[in-house]
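In what follows, a single structure is set out as structure tokens and then discussed.
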């Protein structure tokens, strides 16, 4: 059995990440975080919003994922994300602006729907900030 | 001499037109490239999505213990098509050759042929909206002047809606009528059935050999979240193909127009020179005959 897993993260806009890694953990929509090591039993599940990490050369790296689908095989993890970014793709200033904007919307929200969408925007910006705050190698 | 002035004026006006068509051609070329890039970027995602759907469906089919839910029926046991939802994709602007005419003709043919009742019509692009108005079809959803970046929102709206409608039994199928992008200069108007879909058997037998996947939290929940995503991907592909086709068609049309303008200018210049020559010859004859007298 191979000692690595091929992790692939693709979104409708672009392939985000593809490499051999030692370990992956991703958020699911209904069952919390799944940690995957080589030789995992085949599995399919919906992906939630949050942070994904993978371990490569003993270093931990982070990606954001927002919704989508995961397919796990013994030697591969394929994430079909609605949106996803590597830490490099995150523009901190823009995320901070998004966060402020979401906070403002949250205060002004009148309807249930407004409130939910503002909350979702806030959560997304927080996830991005969190990802940007995790430089590679930390967080063990 | 009046003829000469007129011709000069015409040449000037044709030249102006040629400049416009040349510029439009250039703009279309850039937009075509952008649409094509998006299309290429979507390909790995769409391919993987197809794989996953095959796997899940193959898995549910292969296991008699799983009771297929309504979402699974979309793939396994298509209902008789009585009520359908149709998405018609054309362009917002004209001047793109037969692009709109062809796809609208295909739409008319489809509307005349189909046995099912079209209960929900979405139109993308002004030309499609006009077509629906002319034929007294009420378009339930109108998406006009959508930029490339706005496609995602449009397809999410349509696919979530369509999946919910299928679930509720309000529609039995979803069709898209759009221009398939063969190459920058060739488009084919296409009627595409997004779901229910026939999965090819080859993929299923390939999957049967592998260890069956766990579907978590349960197979039907997986399919229920998967179906709208899958529809979304297919729709996005169709919209991008249509957009690429539109710009390709406009580029070809404008190229032709620029060439025609060039030919016209050449002809007019020739006529102008002939008239000029004739008038010079006339003047010389007048002078010579005057001198002789």
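Where a number appears in this text, it was derived from the coordinates with a stated rule and is not lab data. Owing to the predicted nature of the structure, the values given are computational and were not obtained by experimental measurement. Methodologically, a virtual Cβ is constructed for each residue, glycine included, from the backbone with ideal geometry; neighbour enumeration extends over all protein chains shown.
Brief remarks follow.
- The protein assembly as shown: C-alpha gyration tensor shape, a/c 1.5 cut-off, then a/b vs b/c: prolate
- Chain A: calculated mean residue ellipticity at 222 nm from DSSP helix runs of at least 4, using -39500 (n - 2.57): -9500 deg cm²/dmol
- Among A:30, A:18, A:84, the residue with the largest mean-square fluctuation in a Gaussian network model of chain A, with springs joining Cα atoms closer than 10 Å, is A:30.
- Among B:6-19, B:177-190, the order from most to least packed when residues are scored by Cβ within 10 Å on average: B:177-190, B:6-19
- Cα-based shape type of the stretch B:148-293, given that a ≥ b ≥ c are square roots of the gyration tensor eigenvalues and the cut on a/c is 1.5: prolate
- Mean ellipticity per residue at 222 nm, deg cm²/dmol - from DSSP H runs of n ≥ 4 across chain B, formula -39500 (n - 2.57): -23000 deg cm²/dmol
- Contact order relative to length of the stretch A:5-88, as percent, for alpha carbon pairs under 8 angstrom and 6 or more apart: 33 percent
- DSSP-defined beta bridges in the stretch A:5-88 - what % are antiparallel, rounded to 5: 90 percent
- Here the relative contact order of chain A, from alpha carbon pairs under 8 Å that lie six or more residues apart, stands at 23 percent.
- Directionally averaged projected area (chain A, Cα convex hull): 8.8 nm².
- Per-residue shielding of A:6-13, expressed as the average number of other chain Cβ atoms within 10 Å of the residue Cβ, stands at 5.
- Between the alpha-carbon centres of the stretch B:265-293 and the stretch B:120-195 there is a gap of 62 Å.
- Whole-percent P(r), chain B, all Cα pairs, 10 Å bins from 0: 6, 22, 24, 17, 11, 7, 5, 4, 2, 1, 1, 0.
- Using every pair of distinct Cα positions in the stretch B:112-165, the Kirkwood expression returns a hydrodynamic radius of 12.3 angstrom.
- Separation of alpha-carbon centers, the stretch A:96-129 and the stretch B:212-255, rounded to whole Å: 28 Å
- Between residue B:267 and residue B:164, the simple label model (points 7 Å from Cα in the Cβ direction) yields a spacing of 5.8 nm.
- Solution diffusion estimate, µm²/s, Stokes-Einstein, the stretch A:90-132, Kirkwood Rh from C-alpha pairs, 25 °C, viscosity 0.890 mPa s: 240 µm²/s
- Order by protection proxy (mean Cβ within 10 Å, highest first), peptides B:229-237, A:35-43, B:100-108: B:229-237, B:100-108, A:35-43
- Peptide B:46-54 has a mean shielding of 3, counted as Cβ atoms of other protein chains within 10 Å of each residue's Cβ.
- The mean number of Cβ atoms from other chains found within 10 Å of a Cβ in peptide B:33-42 is 2, as a whole number.
- Computed from the C-beta positions of residue B:288 and residue B:95, the FRET efficiency with R₀ = 45 Å rounds to 0.25.
- Model label points for residue B:186 and residue B:149, set 7 angstrom from Cα along the Cα-to-Cβ axis, are 3.5 nm apart.
- Of all the options A:46, A:109, A:70, the one that moves most in a Gaussian network model of chain A with Cα springs shorter than 10 angstrom is A:109.
- The stretch A:5-88: C-alpha pair distances exceeding 22 Å, %: 11 percent
- Inter-site label distance for residue B:279 and residue A:6 at 7 Å from Cα along Cβ, in nm: 7.6 nm
- Whole-number Å³ per residue for the convex hull built on Cα positions in the stretch B:235-293: 32 Å³
- Sequence-distant contacts, meaning Cα pairs under 8 Å at least 6 residues apart, place the relative contact order of chain B at 32 percent.
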